[in-house]
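To keep things clear, I will list the structure first and then write my remarks on it.
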Amino acid sequence: MVRTTGMNGVEVGRTIDRLAHEIIEQLGVPTDYSLVGIVTGGRPIAERLADRIEESTGVRPKTGTVDITLYRDDLYTGLEKPVLGETRLPFELTGQDIVLVDDVLFTGRTVRAALDVIMDYGRPRSVKLAVLVDRGHRELPISADFAGRFLQTLKTDKVEVHLSEEKSNDDRVTLIPTDGEDK
Amino acid sequence: MNRKDLLGLRDVSREEITEILDTAERFRSVSERRIKKVPTLRGRTVVTFFMENSTRTRLSFDLAAKRLSADTLGFSASSSATKKGETLMDTARNIDAMKPDAIIIRHSAAGSPHMLAKAFPWSVLNAGDGINEHPSQALLDMLTMRDHLGSLEGKTIAIVGDVYHSRVARSNIYGLTTMGAKVVVAGPGTMCPPSMAHLGVEVRHTIDEVVADADVIMMLRIQRERLQPGMMSTVNEYSHFYGLDLERLKLARPDVLVMHPGPINRGVEMTPDVADSEQSVILEQVTNGVAVRMALLYLLLGGEQTGGEEDAS
C-alpha cells in the first residue's frame with residue numbers, strides 16, 4: 001500500500017487558507033456562526049481559521065474551545081487519567097451555526113464526545129465539522145464537512161500535527177508508520 | 001494521582017494537592033452551565049454513609065457525585081440499622097454486597113475510614129473521622145485561599161478555636177504545611193495544648209497575637225458535642241477572649257480572609273457582622289466544596305489502570 005506522506009509548513013498554510021474559504025463559501029460572513037476548537041489540537045487551528053476568515057470578510061468569527069475529557073467513552077479503559085482542559089464557550093450557542101474544528105479526524109469518537117459537550121451548553125441550529133487531516137478508519141458514522149487533506153494510513157499508524165504558535169513555517173503534519181502490520 | 005482512597009492529607013504530597021486543586025478549578029465551570037452535569041461517572045455507584053450529623057458535607061458530596069452522573073445512595077445515623085446494634089464492619093459488608101464503587105464515610109471513631117479502606121476494594125473518602133481528619137474540607141479551604149492569595153507558599157494562616165478537637169484544623173495543618181504555608185494556632189490551653197507544635201505549627205494563647213500578621217483567619221466552631229467538662233468555663237467567656245468581632249478584625253490586614261468551616265455559632269466564634277463582612281469568604285468555601293469533591297471523585301474513580309487501547313481522535 002502506498003502511503004501519502006505528511007505536510008510541510010507551506011502546505012499546512014495553504015490548506016488552512018482553503019478551509020477558511022470553503023467555510024466562507026458555505027456559511028458567508030461570520031455574523032451568526034462560531035468556530036469551536038477541540039482541546040488541544042483543534043484550538044490553534046480554529047484560531048488560524050478565524051484569522052483567515054477575518055482577513056477575507058473583515059469580520060472575526062467568535063471562537064471557543066471544548067474539552068472532551070469528561071465525555072470520553074474510554075475513561076475506564078486503561079488510559080492515564082487525562083488532565084482536564086478548558087471548555088470555554090463564551091457565547092450563546094442556541095440558534096447559532098457552529099463549526100467544530102479538530103486537527104485529525106480518525107475514529108470519530110472525539111467528535112462524538114465534543115457534540116455531547118456542545119449539546120449540554122445549548123441547542124445550535126447546526127454543527128459542521130472542519131478538520132485539517134482526515135486519516136480514515138472511522139468507527140462511528142461521522143464525516144467532515146470541511147476536510148483539508150486525506151491521508152492514507154494504516155490503523156496502527158500515528159499522525160502528528162505540529163503547529164507553531166508564532167505562525168512560522170515550522171508547521172508540519174507527520175505520518176509515523178508502525179512496522180510489522182503492513183498487509 | 002494514583003490512589004484508591006483519600007483518608008487524610010497527612011500523607012498526600014504537594015504534587016497531589018496541586019493536581020486536586022487544579023482539577024477542581026476546571027470542575028467549577030460545570031456548576032455554572034445550563035446543564036450542570038457531565039457523564040463522567042455514569043453507571044458508578046457512590047454511597048454516602050454518615051454516622052454523624054452533617055448538612056454541608058453530605059449535600060456537597062451528593063451533589064458532586066450527581067453532577068458527575070454517578071448514582072448516589074445515602075445512609076445516615078438515624079435511618080440505618082446501626083441504631084439496632086449492627087457493627088460498622090457488618091454494615092460495610094452489606095453495603096459491599098450491593099457493589100458500590102465508592103463510599104464517603106463520616107464516623108465519630110477516628111480511623112474507621114482506614115479500616116474500611118483496608119478491608120474492601122472500593123474507594124473510601126473520609127468525610128470526617130472523630131477528631132482525626134476531614135480532608136475534603138481542608139482542600140476546599142485551600143482552594144478558596146489559593147483563589148484569593150494566588151499561592152499558599154509563605155502565607156500565614158491563623159486557626160483560632162478548639163484546634164485540638166478539630167479534624168478540619170488537623171487536615172488544614174497537614175495540607176497547608178505541605179504547601180509551604182505557615183500555620184499559627186490560637187485558643188485556650190485546653191483546646192490548643194503546647195503539644196500541637198509537633199504538627200509544625202506555632203501555638204499562641206491569645207487571638208490578638210495571631211490576627212495582626214495573618215493572611216487568613218480561620219475560625220473554628222465550638223464543638224459542643226466533643227467538649228468535656230472543664231475545657232472552658234462559659235460560652236460567653238470563650239467568646240469574649242477568642243471570638244472575632246469587628247474591633248479585633250481592625251487589627252488585621254484590610255485584605256485578610258475570614259473563613260469558617262460551618263456551621264457557624266453566630267455570636268460565639270464570630271459576631272454576625274464579621275460573618276457577613278467583606279472579608280468573609282464563607283459562602284465561597286461552600287461553592288468550592290462541590291468542585292473539590294467532584295475533582296476527588298473524578299481522580300479516585302475515573303480512569304483506572306486496567307490495560308487497554310490507545311488514544312483515538
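With a Förster radius of 56 Å applied to the beta-carbon distance between B:ARG42 and B:ALA197, the computed FRET efficiency rounds to 0.75. For the protein assembly as shown, the mean residue ellipticity at 222 nm estimated from helices alone is -10000 deg cm²/dmol, where every DSSP H run of n ≥ 4 contributes -39500 (n - 2.57) and the total is divided by all residues, rounded to the nearest 500.
For A:VAL101, the residues whose amide H sits under 5 Å from its own are A:VAL36, A:GLY37, A:ILE38, A:ALA130, ignoring neighbours fewer than 5 places away on the same chain, with H placed 1.01 Å from N. How much FRET efficiency would the formula 1/(1 + (r/R0)^6) give for A:GLU92 and B:GLU278, where r is the Cβ-Cβ distance and R0 is 45 Å, rounded to 0.05? Using R0 = 45 Å, I get an efficiency of 0.85. Among beta bridges from DSSP that stay inside the protein assembly as shown, the antiparallel ones total about 10%. Under 16 Å from a label point set 7 Å out along the Cα-to-Cβ vector of A:ASP170, the amide N atoms of the stretch A:22-52 belong to A:44-45. Look at the Cα gyration tensor of the protein assembly as shown: its axes a ≥ b ≥ c give a/c of at least 1.5 with a/b over b/c, and that counts as prolate.
For B:SER76, the residues 5 or more places off, or on other chains, whose built amide H falls under 5 Å of its own are B:PHE50.
Straight-line cross-link reach from A:LYS155 at under 28 Å between alpha-carbon atoms covers these lysines, not counting any fewer than eight positions away in the same chain: A:LYS81, A:LYS128, A:LYS183. Across the stretch B:15-21, coupling constants 3J(HN,Hα) worked out from phi with the 6.51/-1.76/1.60 Karplus curve, θ = phi - 60°, read 5, 5, 4, 4, 4, 5, 5 Hz, and Gly and Pro carry x. Taking the 0 to 90 degree range and rounding to the nearest ten, how far is the long axis of helix B:282-301 tilted relative to the main principal axis of chain B, both from C-alpha atoms? So the inclination is approximately 30 degrees.
Think of the stretch B:27-111 as having a plus end and a minus end, set by charges on the Cβ of Lys, Arg, Asp and Glu; of B:MET98, B:LEU41, B:MET51, B:LEU41 sits farthest toward the positive end of this dipole. Computed 3J(HN,Hα) for the stretch B:28-45, one whole-Hz value per residue from the Karplus formula 6.51 cos²θ - 1.76 cosθ + 1.60 where θ = phi - 60°, is 4, 5, 4, 6, 9, 8, 5, 9, 8, 7, 10, x, 3, 10, 4, x, 9, 10, glycine and proline marked x. The charge dipole of the protein assembly as shown, taken about the Cα centre with unit charges on the Cβ atoms of Lys, Arg (+1) and Asp, Glu (-1), comes to about 1320 debye, rounded to the nearest 20.
Is the C-alpha gyration tensor of the stretch B:236-309 telling us rounded, prolate or oblate? Criteria: a/c under 1.5 is rounded; beyond that, a/b larger than b/c is prolate, otherwise oblate. Taking the square roots of the gyration eigenvalues as a ≥ b ≥ c, the stretch B:236-309 is prolate.
The modelled label-to-label distance between B:LYS99 and B:GLN223, using points 7 Å beyond Cα along the C-beta direction, is 3.7 nm.
What range in chain B is the longest one free of GluC sites (Glu not before Pro) that are in a loop by DSSP and have at most 10 other Cβ atoms within 10 angstrom? The longest uninterrupted stretch comes out as B:1-277. For a straight C-alpha distance cut-off of 17 angstrom, the lysines reachable from B:LYS66 (same-chain residues fewer than eight places away being disregarded) are B:LYS36, B:LYS37.
The calculated FRET efficiency for B:LYS118 paired with A:ASP51, based on their beta-carbon distance and R0 = 56 Å, is about 0.45. Helix B:88-97 and the long axis of chain B differ in direction by around 40°, with both axes built from C-alpha atoms. I need the shape label for chain B. Rule: rounded when a/c is under 1.5, else prolate if a/b > b/c, else oblate, with a, b, c from the alpha carbon gyration tensor. Prolate is the answer for chain B, as a/c is 1.5 or above and a/b outweighs b/c.
Read-outs throughout are calculated quantities, based only on the coordinates presented, and are distinct from any laboratory measurement. The structure presented is a predicted model; accordingly, all values stated were derived computationally and were not measured. Glycine gets a Cβ as well: all are built from the backbone with ideal geometry, and neighbour counts include every protein chain shown.
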